[in-house]
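Read through the structure below, which is laid out as structure tokens, and then see the notes.
The values are calculated or read from the model by the stated rules, or taken from the named source; none is laboratory data. Because the structure is a prediction, the values reported are computed rather than measured. Cβ sites come from the backbone with ideal geometry, for glycine too, and all protein chains shown count toward neighbours.
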Amino acid sequence: MSECHIELIIGCMFSGKTTELIRRIEALAPSTRIVTLKPAIDDRYSPTHIVTHHRRTATAQTVPNARAILDRVGDAEVVAIDEIHFFNDGIVEVCRALASRGVRVICTGLDRDMWGDIFPHVERLSQIADTAILTAVCNACGQPANRTHRTVPLIDGNLVGGPGEFEPRCEKCFSPPSAPKPADTTGLAQPPQ
């Protein structure tokens, strides 16, 4: 583990990021004080749990923005944060602040949006974290996938979805949505701090 105690698990949708986060949490529990958090916008499966696409769960608190994470950690030894791409650049400073206190931070997120562009704050975090990059299997050709492909039209700017709206694709089979890319691809009208 690096000196800063930040672990980042990234990849496209369906690559097993949340599954890996839950595996790490379970390996540490019950002897470690762990706080698990997720952005409030991610209510796809549960408002009180992080949930894999295969319905494996871990109890979590929701936070409206990155800054609110600091108010929720208490005396945690480990802070697990799912779906960091839904936060803005403030998530990087929050993770640094926690690590500087000696807290082990484990977080997951998409590395790219549905247009194939890298989330800048996820890239910044990957530069200071121990990073695990996961891949999925391309739904079109069966090769390793590193892109998240939108399968339905983008309606009302809603960028949050699951198996009915997205699938993993390799770079060759990937095509971005025809809808113009909004200024904010975190899925929030006002990105959380």
Q: Kindly list the number of the only condition in (1) farther than 30 Å from Arg104 by Cβ; (2) touching a helix residue (DSSP H, G or I) at 6+ places or on another chain (Cβ under 9 Å); (3) small (Gly, Ala, Ser) that fails for Ala140.
A: (2)
Q) Just wondering, is there one or more residues in region 160-179 that are over 24 Å from Ile41 (Cα atoms) and assigned to a strand (DSSP E or B)? A) yes
Q. Here are Ser31, Ser46: which of them is farther than 21 Å from Ile133 by Cα, out of contact with any strand residue (DSSP E or B) (no Cβ under 8 Å at 6 or more places or on another chain) and modelled with pLDDT under 95?
A. Ser31
Q. Among the residues of region 29-65, how many are out of contact with any Asp or Glu (no Cβ under 8 Å at 6 or more places or on another chain) and of a type in the set (A, V, I, L, M, F, W, C)?
A. 6
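To keep it simple, each residue is scored yes or no on (1) touching a helix residue (DSSP H, G or I) at 6+ places or on another chain (Cβ under 9 Å); (2) of a type in the set (S, T, N, Q); (3) farther than 27 Å from Glu26 by Cα.
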{"site": "His85", "(1), (2), (3)": "yes, no, no"}
{"site": "Arg147", "(1), (2), (3)": "no, no, yes"}
{"site": "Val152", "(1), (2), (3)": "no, no, yes"}
{"site": "Ile155", "(1), (2), (3)": "no, no, yes"}
{"site": "Gly161", "(1), (2), (3)": "no, no, no"}
{"site": "Lys172", "(1), (2), (3)": "no, no, yes"}
Q: Please give the number of the condition Cys141 fails out of (1) surrounded by fewer than 19 Cβ atoms within 10 Å (Cβ to Cβ); (2) modelled with pLDDT of 95 or more; (3) under 18 Å from the mean Cα position of the chain (by Cα).
A: (3)
**Q.** Members of region 73-101 found to be surrounded by fewer than 24 Cβ atoms within 10 Å (Cβ to Cβ) and touching a His at 6+ places or on another chain (Cβ under 7 Å), listed by number
**A.** Asn88, Asp89, Val92, Ala99
**Q.** Residue, surrounded by the fewest Cβ atoms within 10 Å (Cβ to Cβ), within region 112-132, restricted to residues that are part of a loop (DSSP other than H, G, I, E, B) and touching a residue at least 40 places away in the same chain (Cβ under 8 Å)
**A.** Asp117
Q: Could you please give the count of residues in region 26-45 that are crowded, with 16+ Cβ neighbours inside 10 Å and among the hydroxyl-bearing types (Ser, Thr, Tyr)?
A: 1
Q) Can you name the residue in region 144-162 that is surrounded by fewer than 23 Cβ atoms within 10 Å (Cβ to Cβ) and aliphatic (A, V, I, L, M) and, of all such residues, is nearest to Val35 (Cα to Cα)? A) Val160
